[in-house]
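Undergrad: I have a structure here, written as structure tokens, and I will follow up with some questions on it.
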Amino acid sequence: MLFALPACFWDVRKLCIPLRFVCVGLVALFAYRVAEFHHFYLFGYGFKKCMFNMLIAVATSALLFFCVRVLSAEGLGIGDVIFGVYTALYCGFYRNLVAAAFAALSGILFYLIAAVVKKVRKRICEKKGIVQLVHRGIFVIPFVPFITFGAVLAVFLI
């Protein structure tokens, strides 16, 4: 949460994430994960299993978010992809899959609610006779808060 909350606020405010910030978080979280394993100096089966789980979680998260980025015509930014890797390192493989599903569902729900609110505002403005000079089609939502929400929800539920 030390790196996730500031990244959420930054993404909401500027619609981008400083890559240096997320990369420092990745390194710090990886070091924490290695250090939290009590017998890591033995390089036994438990350590190897933990490292393999982290590697699989990071690889699947990077692949999943990168595929979404490519298939959505770069709807996700590269910061969102790297932040998805960050949450995979935090959650692990199974929790990360659940976290990605929760992030996608909450993002879609937010987008639908925002679209309905926008249409209602437009109709109200038309009824009052207020002319809108600027027409914006599709609007952009910051996705890092939804990734964070999905990760926190997955950690608490699983």
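The values are calculated or read from the model by the stated rules, or taken from the named source; none is laboratory data. Quick caveat: nothing in here was measured; it's all calculated off a predicted structure. FYI the Cβ positions are ideal-geometry reconstructions off the backbone, even for glycines, and counts take in every protein chain you see. Accessible surface areas use protein heavy atoms only, side chains included; no ligands, DNA or RNA. Shrake-Rupley method; radii C 1.70, N 1.55, O 1.52, S 1.80 Å.
Undergrad: Just to check your reading of the model, which residue among F156, F52, F143, F47 is hydrophobic (A, V, I, L, M, F, W, C), crowded, with 17+ Cβ neighbours inside 10 Å and closer than 29 Å to A28 by Cβ?
TA: Residue meeting the stated conditions: F143.
Undergrad: So S61 passes all but one of these: (1) outside any helix (DSSP H, G or I); (2) open to solvent by less than 60 Å² (accessible area, probe 1.4 Å). Which condition number does it fail?
TA: (1) is the only condition that S61 fails.
Undergrad: I'd like the full set of residues that are in contact (Cβ under 8 Å) with a residue 60 or more places away in the chain and either surrounded by 20 or more Cβ atoms within 10 Å (Cβ to Cβ) or touching an Asp or Glu at 6+ places or on another chain (Cβ under 6 Å) (or both), limited to the stretch 90-110.
TA: Selection gives Y90, C91, R95.
Undergrad: How about the stretch 9-20: which of its residues are in a helix (DSSP H, G or I) and either touching a strand residue (DSSP E or B) at 6+ places or on another chain (Cβ under 9 Å) or over 17 Å from G75 (Cα atoms) (or both)?
TA: Matches in the stretch 9-20: F9, W10, R13, L19, R20.
Undergrad: Those residues that are in a loop (DSSP other than H, G, I, E, B) and either open to solvent by less than 80 Å² (accessible area, probe 1.4 Å) or modelled with pLDDT of 95 or more (or both), I need them from the stretch 64-89; list them, please.
TA: S72, G75, L76, G77, listed by residue number.
Undergrad: Which condition number does G46 fail, the rest of (1) within 17 Å of the chain's Cα centre (by Cα); (2) assigned to a helix (DSSP H, G or I); (3) at pLDDT below 90 being met?
TA: (1)
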